[in-house]
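Inspection log for the structure reproduced underneath, given as structure tokens.
Just so it is clear, none of the values below were taken in a lab; they were calculated from the coordinates. Predicted model, so just to flag it, every value in this text is computed and none were measured. Note that we place each Cβ from the backbone using ideal geometry, even for glycine, and neighbour counts take in every protein chain shown.
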Amino acid sequence: MTDSTAFDVAHIGSVELLTPEFDKSLWFFRDLLAMRVVAEEGGSTFLRTWDEYELYTIKLTPSDAAGVGRTTFRASSPEALERRVAAIEATGLGEGWVDGEVGTGRTFMFRDPDGHSMGIYYETERYVATDDKPALKNQASAFPGRGVNARRLDHINYLAKDVEANGEFLADALAMRESERIRNDDGKFAAWWFHFSLKSYDVVYSDDWTKHGNRLHHIAFAPDTREDILKAADIFLENGIHIESGPHKHAINQTFFLYVWEPGGNRIEFANAGARLLLDPDQPVVEWSQEERKKGQAWGMKTIESFHTHGTPIV
Ligand SMILES: [Fe+2]
């Protein structure tokens, strides 16, 4: 049975992306995804999607190599934050409190066993629209009406040397619930999907064949509709962005998807996440076998080879 602490974390707060092509990456997120620059601090640029209720969604940081920096998670209350910090400290992977960035309050930093940097906070500042006021008061800012119109961040998929160890860590540390997983013939998990709320996944671990550690598979943004994802493919084609796979429908969790590589090399997905909600608080985990996965995606498209080999940093 699910207990109430399973809702201690509300959602992913933000993701820091590292890029060796800063200007081009900034163009990708700002001009093609229609994200708004909200702050520039310490060499990084902070951008928000149009329906982000907090101040920022991603932090873009120049770096020698592509990859992922800090991922933050928003606790659902001050008490939930204290509970999660105690749970993280019990794992021995806590790193201590730091000041929050761009509107977020004090943040407790930690790392997963694979080395990915993470932080958890509760206090946050709500975005107040100025020249981007929406017509309807139930959205954070005006619909941009240009490019891909990325509405919100949807999920993050990390590569990990040991999918089980990292999944078990997050289940303990953040009280995440598992939704689906792939078990290979050797008994090891090839990938493991976790969720915080009704959405069927927020954080995913996939096996890193390089066994490098601290690598990113992709982050995903949600536009409004499947049609928006088809239009996004045309926009990326027109702008010379590498389209890696899709548009197609995932078998696992049934999201409609498109994968591209932003100019810095990080894989970015556009996913329509409303397809399948987990309303059952005791939803049993769905496990897929290696044989079942060989059938490919929902409508039969085989998973592209680079999906198993490309990650950032590239090693
Ligand atoms: Fe994804």
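Take the range 4-309, compute every pairwise Cα distance, and split them into 20 Å bins from 0; I just need the percent in each bin.
Histogram of Cα-Cα distances, whole percents per bin: 34, 61, 5.
Residues in the range 209-240 near a label at LYS24, defined as backbone nitrogen under 14 Å from the 7 Å Cα→Cβ point?
Inside the label zone: 239-240.
Compare the peptides 11-24, 32-45, 280-293 by average per-residue count of other Cβ atoms within 10 angstrom and give them in order, highest first. Display every interim value, and only then the final one.
Working: 11-24: 19.9, 32-45: 17.1, 280-293: 11.7.
Going by the mean number of other Cβ atoms within 10 Å, highest first, we get 11-24, 32-45, 280-293.
Take the alpha carbon atoms of the range 97-136, find their radius of gyration, then divide it by 2.2 N^0.38 Å using N residues; give the quotient.
Cα Rg divided by the expected 2.2 N^0.38 Å: 1.66.
Where both residues lie in the chain, what percent of DSSP beta bridges are antiparallel, nearest 5?
Just about 75 percent of them are antiparallel.
Roughly how many nanometres apart are two label points built 7 Å out from the Cα toward the Cβ at SER197 and GLU41?
Taking the simple label geometry, SER197 and GLU41 are separated by 2.4 nm.
Can you give the FRET efficiency to the nearest 0.05 for THR210 and ASP99, using r as the Cβ-Cβ distance and R₀ = 25 Å?
The value I calculate is 0.15.
Setting aside same-chain residues fewer than 8 positions from LYS24, which lysines have a Cα under 18 Å from its Cα?
LYS59
From zero up to wherever the largest Cα-Cα distance of the range 214-315 sits, split into 5 Å bins and tell me the percent of pairs in each.
With a bin width of 5 Å, the distribution comes to 2, 11, 20, 22, 20, 15, 7, 2, 1.
Before rounding to the nearest 500, sum -39500 (n - 2.57) across all DSSP H runs of length at least 4 in the chain and divide by the residue total; then give [θ] at 222 nm in deg cm²/dmol. Present the calculation step by step, with values, prior to reporting the outcome.
Details: 6 runs with 52 residues, N = 315.
The per-residue figure over the chain is -4500 deg cm²/dmol.
Find how much the distance from ASP186 to GLU227 grows on full extension, using 0.36 nm per residue of separation minus their present alpha carbon separation; answer in nm with one decimal.
10.8 nm
Please give, to one decimal in nm, the separation of the simple spin-label points placed at HIS242 and LEU277, each 7 Å out from Cα toward the Cβ.
Output for this residue pair reads 3.8 nm.
Which FRET efficiency, nearest 0.05, do SER289 and GLU123 yield, Cβ-Cβ r, R0 45 Å?
Efficiency computed from Cβ-Cβ geometry: 0.55.
Order 263-273, 126-136, 166-176, 88-98 from most to least packed using the mean count of other Cβ atoms within 10 Å.
Top to bottom by mean Cβ count within 10 Å: 263-273, 166-176, 88-98, 126-136.
Can you tell me the length gained on complete extension of the stretch GLU168 to THR5, counting 0.36 nm per residue apart and subtracting the Cα distance?
57.1 nm
Compare the peptides 234-246, 153-165, 206-218 by average per-residue count of other Cβ atoms within 10 angstrom and give them in order, highest first.
On the way: 234-246: 14.8, 153-165: 21.9, 206-218: 19.3.
Answer by packing, highest mean first, reads 153-165, 206-218, 234-246.
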